[in-house]
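See below for the structure under consideration.
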Amino acid sequence: MRTAVFVSGNGSNLQALIDFKKIQDPSFELVLVISNNADAYGLERAKKAGLATLAIPYKKRVNQAEFEKAAVAALKEAKVELIALAGFLKLLSDEFVAAWEGRMINIHPSLLPAYPGLHIHRRVLEDGASETGCTVIYVDNGVDTGAIIDQVSVPVLKDDTEDVLSARVLNQEHLLFPKVLNAVASGQVQLVGGKVVHSTKG
Ligand code: GRF
């Protein structure tokens, strides 16, 4: 399936999607990488991998409509069928989300529904939680409230700092995200009536 990846920053999850090809022949084909941030390192990673890129920088506080107009045109032009949000930090409009219902996934660094939103690792450490993780969801209108496709648990250790914990969780994200995107692209996983359905075939 022709897939676009949206990034805002480092793009290590994008790199994991690019590198997945070394492990197996994926059902997704990365055809476009879009960023709201022209300086995102994720764009460099995409270029190095020979992928088409598009930077649509946010100018003032919010110009969601302009971003989406440009994104929609590029997605159409590239015949994109699936979107993977990989560290994309801007909210998308209800209209955009509805248009991509069941065809847009996001990776989040917590065991959702616990810790939606931002500063996840800091909050996990402040709470003294013994476990965290990462989750891939279908994107809906809420903040990290979409239907959960898959998730992995990661232990929180005694002396963890935000950086150490973040790196441990990211390692798992890099394994989980390509696997889930591949399952969605191959039709093994679908969103039906708001629920995640795993195909029994194969
Ligand atoms: C990841 O932790 C992802 O779950 C979250 O933002 C971070 C992005 O990291 N949404 P990267 O840009 O993929 O390295």
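Bear in mind that the values in this text are calculations on the coordinates, not laboratory data. Worth saying up front: this structure is predicted, and the values here are computed from it rather than measured. Every residue, glycine as well, gets a Cβ built from its backbone with ideal geometry; the counts of neighbours run over all protein chains shown.
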Which cross-chain or sequence-distant (5 or more) residues have an amide H under 5 Å from the amide H of VAL33, H modelled 1.01 Å from N in plane?
VAL5, ALA52, THR53, LEU54
Using each residue's phi in the stretch 76-85, evaluate 6.51 cos²θ - 1.76 cosθ + 1.60 at θ = phi - 60° and report the 3J(HN,Hα) Karplus result to the nearest Hz, with x for Gly and Pro.
5, 4, 8, 6, 6, 10, 9, 10, 10, 8
Using amide H atoms built in the peptide plane, which far-off residues or other-chain residues are under 5 Å from GLY146 H to H?
ASP140
Placing +1 on each Lys and Arg Cβ and -1 on each Asp and Glu Cβ in the stretch 1-75, then taking the dipole about the Cα centre, the residue among GLY50, SER35, VAL5 whose Cα reaches farthest towards the positive end is SER35
Length-normalised contact order of the chain, Cα under 8 Å, at least 6 apart, in percent, tallies to 20
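Identify the GluC sites (Glu not before Pro) of the stretch 93-138 meeting these criteria: DSSP loop state and at most 15 other C-beta atoms within 10 Å of the C-beta.
Sites meeting the loop and neighbour criteria: GLU101.
Give the residue list of trypsin sites (Lys or Arg not before Pro) in the stretch 109-184 that are DSSP loop and have at most 16 other beta-carbon atoms within 10 angstrom.
Sites meeting the loop and neighbour criteria: LYS158.
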For a quick check: with amide H placed at 1.01 Å from N, whose amide H comes under 5 Å from VAL156's, ignoring anything fewer than 5 positions away on the same chain?
GLU131, THR132
